[in-house]
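Taken together, the values in this text are just the output of simple stated rules run on the coordinates, not laboratory data. Nothing here was measured: the structure is a model prediction, and the numbers come from that model. We place every Cβ from the backbone using ideal geometry, glycine too, and count neighbours over all the protein chains shown.
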């Protein structure tokens with residue numbers, strides 16, 4: 001970092017001049033970019049900002065207006081401070097107009113009571129400036145080297161975040177656009193201290209630009225994304241307080257480099273599956289994306305020992321029920337294990353199927369049934385085997401209800417295989433919202449799919465998260481700031497079919513109190529709750545918010 005005015009005054013060469021601060025004592029932390037010696041009263045036109053101006057004052061104006069204008073011009077150009085040496089023009093004190101103008105502007109004004117060689121001052125300060133610039137280059141090169149190595153080695157996000165936290169010496173949090181924590185490193189601080197009420201705290205921090213510092217919270221925030229699509233924020237958690245006057249945040253470049261590494265990782269990371277699972281996944285992906293023709297898909301599946309032609313095909317999608325605090329960035333490792341578990345259940349139930357990951361959270365199966373095989377019996381056997389093996393492999397804290405098994409309609413040709421897989425995907429997302437204890441069937445079918453399922457399917461899409469923020473962001477921010485329940489009041493009103501009396505009863509409030517809260521919702525969101533379209537849009541946003549928070 002550049003030397004400050006206070007650091008310059010502490011130099012031995014400056015102390016020889018017996019410096020005394022006569023104005024702007026609260027602004028001595030201004031950075032000094034350069035030292036400029038001049039006696040010109042209009043020197044401001046030659047400066048760019050950050051200079052410490054040295055003068056004897058011999059040519060300064062004599063009138064009050066001229067002195068005030070001199071200080072104003074220096075302050076507007078952004079000089080770090082003004083040093084006036086006694087002995088040529090002034091001897092014991094400076095003109096009151098000069099001191100008052102500097103104090104009003106917050107411009108550090110220093111007197112030297114003993115004569116100095118200005119060239120010695122410039123040499124000493126410029127040495128500090130050059131050293132600071134060299135140090136900045138060294139740090140920059142070190143940061144770039146570290147993160148280049150992480151990118152080349154394919155480092156996972158936790159490792160990138162850990163490196164940022166280590167180099168910054170402060171907690172670092174990666175969140176998505178819905179302000180949910182994806183990964184973090186507390187840098188030795190208690191986890192609860194860093195993450196408690198995270199969403200509420202994070203919603204209140206919106207610095208300008210892609211990278212910015214929020215003095216109220218002390219957080220440094222940068223946007224994470226690539227190819228024009230932002231998907232998260234990287235946050236450096238520090239104590240509240242403004243930055244030193246005129247200085248950029250010292251860790252800005254570090255945080256931006258970490259964000260770039262995370263964005264690149266998201267672009268290039270691939271599941272590290274077994275060769276068999278990779279082959280199955282590629283084939284399932286080819287069917288879903290039409291990348292393979294019907295004959296190519298059938299041929300490759302036959303080569304894998306899974307005949308598709310002349311068989312009944314059933315799409316199945318598996319999703320694990322997650323706890324309230326999922327370890328988001330451990331999902332890939334868990335998904336690999338879950339995929340192998342599903343393949344084991346297929347073998348245990350003596351079925352023939354393609355088994356592979358469909359996305360970051362789902363495992364897809366295309367079960368191939370012979371003419372003599374009963375569909376329901378086969379699916380029941382598979383579900384039972386999967387539950388049994390999941391229970392055996394479950395770690396402490398796992399959901400005892402087991403994974404969600406969603407099934408699409410059976411089809412009679414490879415050409416329709418995509419349809420049954422897509423149908424099963426929608427069913428799986430709908431089933432995640434269903435309480436597992438209330439069902440007797442071992443798997444889910446199409447009737448479970450509703451709007452909630454569709455929104456859950458799209459929950460990781462930045463466009464859906466942006467829609468939620470656009471519709472409900474001001475209300476969520478208001479509740480977070482005032483510890484309010486306006487979002488809940490809006491939810492109750494919509495769930496009661498816009499019946500205000502029934503909603504007031506459901507909220508356990510008097511009607512006037514409930515009506516007053518609805519009016520607040522209308523004012524904050526700028527909507528009319530008597531309009532059906534507005535209520536529909538808000539209801540969809542609330543359902544989407546539930547999906548995103550899951």
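Here are the numbers for the structure shown:
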{"item": "With Cα atoms, 0 to 90° folded angle of helix 252-268 axis to the chain main axis", "result": "20"}
{"item": "Label-point separation in nm, residue 530 to residue 303, each point 7 Å along Cα→Cβ", "result": "6.8"}
{"item": "Footprinting exposure proxy for 143, 173 (fewest neighbouring C-beta atoms within 10 Å first)", "result": "143, 173"}
{"item": "Antiparallel bridge percentage (DSSP; both residues within the chain; nearest 5)", "result": "75"}
{"item": "Relative contact order computed over the chain (Cα-Cα under 8 Å; 6+ residues apart), in percent", "result": "10"}
{"item": "Residue 372-residue 73 pseudo-label distance in nm [points 7 Å out on the Cα-to-Cβ vector]", "result": "10.3"}
{"item": "Segment residue 496-residue 40, length gained on full extension (0.36 nm per residue, minus Cα span)", "result": "156.6 nm"}
{"item": "Extension gain from residue 226 to residue 64, taking 0.36 nm per residue of separation minus the Cα-Cα distance", "result": "52.7 nm"}
{"item": "Rounded to 10°, Cα long-axis angle of helix 462-482 versus longest principal axis of the chain", "result": "60"}
{"item": "Cβ-based exposure ranking for 90, 444, in which fewest neighbours within 10 Å come first", "result": "90, 444"}
{"item": "Exposure proxy ranking, count of Cβ atoms within 10 Å, fewest first, for 93, 279", "result": "93, 279"}
{"item": "C-alpha long axis of helix 64-77 to longest principal axis of the chain, angle in °", "result": "30"}
{"item": "Peptide ranges 161-170, 61-70 listed from the most packed, as the mean C-beta count within 10 angstrom indicates", "result": "161-170, 61-70"}
{"item": "Label-point gap, in nm, between residue 458 and residue 445 - each point 7 angstrom along Cα→Cβ", "result": "2.8"}
{"item": "Length gained when the stretch residue 124-residue 197 is fully extended (0.36 nm per residue, less Cα-Cα span)", "result": "21.4 nm"}
{"item": "Cβ-derived FRET efficiency at R0 22 Å, residue 26 paired with residue 115, nearest 0.05", "result": "0.20"}
{"item": "Relative contact order (percent, whole number), segment 5-126, Cα cutoff 8 Å, 6+ residue spacing", "result": "36"}
{"item": "Mean ellipticity per residue at 222 nm, deg cm²/dmol - from DSSP H runs of n ≥ 4 across the chain, formula -39500 (n - 2.57)", "result": "-15000 deg cm²/dmol"}
{"item": "Tensor-based shape of segment 5-126 (alpha-carbon gyration tensor, a/c under 1.5 rounded, otherwise prolate or oblate)", "result": "rounded"}
